[in-house]
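Here, each number is a calculation from the coordinates, and none is a lab measurement. In this text the structure is predicted, and so the values were computed from the model without any measurement. As a convention, Cβ positions derive from the backbone with ideal geometry for all residues, glycine included, and neighbour counts pool all protein chains shown.
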Amino acid sequence: MSTPIIPTVPAMWTTFAVPGSQWVYSFQLQNDDGTLMNITNKTFELVVRTSSRASSPVFTVTTTSGANGQITVNTATSTIQVVASPTATALLTGTDVYAVALWMDPNLTDATALLTGTMTARVVAAP
């Protein structure tokens with residue numbers, strides 16, 4: 001899988017996740033001129049909600065490791081890797097479509113939605 005480059009914000013994005021399976025995606029952050037974005041001391045959060053207006057998330061993944069997974073930051077390459085655990089994706093149902101957003105510096109005055117879009121639960125045959 002290639003690493004998407006996020007040059008402008010917010011970028012529209014569509015992704016799929018298998019309920020109960022680990023979901024992993026990496027993103028490289030760039031400035032508008034194509035140079036690597038300085039992400040030193042930045043925090044990140046992936047939020048999945050039943051809709052963009054839902055008050056409570058289905059799950060979130062942050063730079064703090066937890067039951068839902070973790071976001072790992074590589075400042076040298078301006079890359080972040082988001083890992084949603086099977087525990088988190090197990091909360092997705094059927095083939096429902098969820099609102100998803102990737103935030104930089106969530107809950108701060110300079111919070112930036114890097115990506116917004118949809119995450120669709122995809123049913124697959126069990127191993």
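Numerical summary
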{"read-out": "Neighbour-count ranking [beta-carbon atoms within 10 angstrom, fewest first] of M119, M37, M104, M12", "value": "M12, M37, M104, M119"}
{"read-out": "Nitroxide proxy distance, nm - points 7 Å out along Cα→Cβ at T95 and T50", "value": "2.1 nm"}
{"read-out": "Cα-derived Rg to Rh of the chain, Kirkwood definition", "value": "0.96"}
